[in-house]
1. By a straight-distance test (C-alpha under 19 Å), which lysines pair with LYS9 as possible cross-link partners, with residues fewer than eight away in the same chain excluded?
2. Report relative contact order for the chain in percent, whole number only (criteria: Cα-Cα under 8 Å, sequence separation at least 6).
3. Considering only protein heavy atoms and a 1.4 Å probe, what is the carbon-and-sulfur percentage of the accessible area of the chain?
4. Give the ranking of GLU109, GLU71 by solvent-accessible surface, highest area first, calculated with a 1.4 Å probe.
5. Using only the alpha-carbon atoms of the stretch 1-135, report the extent along each of the three principal axes, biggest first, to the nearest angstrom.
6. Order the following by accessible area, largest value first: LYS110, LYS117, LYS45. Probe radius 1.4 Å; ligands, DNA and RNA are ignored.
7. So which lysines pass the test for LYS110, namely a Cα distance under 18 Å, with those fewer than 8 places away in the same chain ruled out?
8. So how do HIS88, HIS67 rank on accessible area, 1.4 Å probe, biggest first, that is with the largest at the start?
Amino acid sequence: MDMSQVIAKLKAQKIRITVSRKSLIDIFLSMHAPLSAEELDFQLKSRGHQVNKTTIYRELDFLKQHHLIHEIDLGDGKKRFENALGDHHHHLICSTCRKIEELDCHPLEKALSKFEKTLGLTHGYTKVRHSLEFFGICQDCRR
């Protein structure tokens, strides 16, 4: 989904498109790694947008509620967020330097999707989802 499609989706829901909201959406559409609120603040400033940190957190909550982004736990205690509009994927994270790589796990996804449905039926849940991240030490850090 591109910016015009996201904007059209929000406008169809009669949601106001603020400058900070549009800027954050643009960052999430262009970045390929999960970002913390601090990293988003840096990205906004580097693009010439001064946004109050409270506004950033409010917008992150808004984008999460509207399923435009989702929260990622990379095991370091920081909340990170990434675009939820693309294909579902997982991450490989270096435990030393924190480098993040997106992983394409299509065969695994089919099995996990089936398992999610089974879990939901067995336990009476709906909208079951998962978060799965892999950790290791990258080649650069092993040198």
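1. LYS22, LYS64
2. Normalised by residue count, the contact order of the chain is 19 percent.
3. 53
4. So, going from the largest accessible area down, we get GLU71, GLU109.
5. Its Cα atoms span 46, 42, 24 Å along the three principal axes.
6. Correct descending sequence by accessible area is LYS110, LYS117, LYS45.
7. Leaving aside lysines fewer than 8 places away in the same chain, those within reach of LYS110 are LYS127.
8. HIS67, HIS88
The values are calculated or read from the model by the stated rules, or taken from the named source; none is laboratory data. Just so we're clear, the structure is a prediction, and the values are computed from it rather than from any experiment. What goes into the accessible areas is simple: the full protein's heavy atoms, side chains included, and nothing from ligands, DNA or RNA. Shrake-Rupley method; radii C 1.70, N 1.55, O 1.52, S 1.80 Å.
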